[in-house]
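These notes concern the structure reproduced below.
Readers should treat all values here as calculations from the given coordinates under stated rules, not as data from a laboratory. Fair warning: this is a prediction, and the values are worked out from it, not measured in the lab. When we count neighbours, we look across all protein chains shown, and the Cβ atoms used for this are built from the backbone with ideal geometry, even at glycine.
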Amino acid sequence: MTATRSRNRRGPLAAVLAMVLLLGGATAVHADDLDDRRAAAERQQAAKEDERESLEAELEHTDTQLADAVLELNQVEGRLPVAEAELAVAEAELERAEREAAILAQRLADAQLEEAKVSQQLEDGSGKVDGARDDIAQMAREEFRGSSDASTIGLVTGAQSTEEFIDGYSVSSSAARIRARTLAELQDAEATARNLQARLSAIREVVTELKRLADENVQSKEQAKQAAVERKAEIQRLIAQQERLKNRIERRKDIARQNMRDNEEELSSIESDLKGIIRKQKERDERLAQEQAEREAAAGGSSGGGSSGGSSAGSLSFLSYPTASPVVTSSYGMRFHPVLQYYRLHAGTDFRAYCGTPILAAADGTVLYARYLEGLGNQVLINHGYSADGSSVMTSSNHLTSFAVSPGQRVSRGQVIGYSGTTGTSTACHLHFELYINGSTVDPMTWL
């Protein structure tokens, strides 16, 4: 009987647990789809972040405000799909919680109704049990007058259970059938009462569990609702920000084109300047060589001295890296501008150099310039003399935050000449390193 009562009590609880599992399982497939969507959005955001360094390189030497807007737009457009995926998850969770709340409320109402019904049945049945007990007690008293049987005495005194009395009760009297029927009615009434009581206890456990689940659901629903509200607000901000940035980019295009032309003119001016310096240097060297030759001729040609002019071939054949731990982030060559939609020359090699990184001289030489230019920012330009084939070799380190040398200063290979920064038209701290051979830019990596 105990096992039966336990089973009766577990049944309703098992139904509640089954309902909860059903609620969870009903949204499992949908949740997997949402997780896949969010994972895809997060991968897209990571790809945007990976693009940032190359985007910074593509925007180098362009309008700073345009570049900042493009980079910010890149960040916004990376976050927007993730926020939308998170909103979908929050809304699905809110929908699930609301659906679960409705089911729980109905289940709770049904359970409470059942509880009231069983309670009433138990109360109504208690009268039948009491009546049957009175009849049995009357029969016991009558039997007691004619018998001293211990079971009869036990029933009358309450020391014995009804079942024990029934087992030992003699129905040999002339009223046996009436007594047996009365005893059976008592037995049925008591069994019904026990079953109703067990059922009532189980129902009350279900009610308690449903109330606990309902309380948890309220908290879960509030959290989902708050998450949805926050994601909606974020998406609205991102969309508005996206629109503002696009408008800003559109407005800055003409200015950016002009800045690009200015930068190209700046590069052309540098090359023209350097070629002029090289030409004057060669003219001076040729003049000195001529003067040396005339002195030797006047002296009878016995000195045997070679030309002292700097135009003769030098020993320079390679350059050292301009940073201690060189990492190339953008190579020399043509670049397609992502906003202005045209190709232009990226006239140097970009090295990763966080703000304040020491920048090193690529070879021995003389500092020609330590100056500020609109596009290149703080620049140190070093004349390294001539290579083995007689070519003029100069290097330019740009976007520096500060100088460690001054014009006319002699420097040695590996000496600190300045510190990296983001001056000029630069989007982030790095080193833009240029190599000039005979006054024209070439790929620095062919010499490093």
query = Where Lys and Arg each count +1 and Asp and Glu each count -1, what net charge lies around K280 among other residues with Cβ under 14 Å from its Cβ?
reply = +1
message = Taking the alpha-carbon distance from K211 and a cut-off under 24 Å, which lysines remain once sequence neighbours fewer than 8 residues away in the same chain are dropped?
response = K117, K221, K225
ask   = So if R0 is 51 Å, what FRET efficiency would R284 and R237 give, r being the distance between their Cβ atoms, rounded to the nearest 0.05?
value = 0.20
task = Return the distance in nm (one decimal) between the two label points of a simple spin-label model at S331 and Q226, each offset 7 Å from Cα along Cα→Cβ.
result = 5.2
key: C-alpha center-to-center spacing [the stretch 402-428, the stretch 191-226] in angstrom   = 75
key: Estimated inter-spin distance, E374 and R410, nm [label 7 Å along Cα→Cβ]   = 3.8
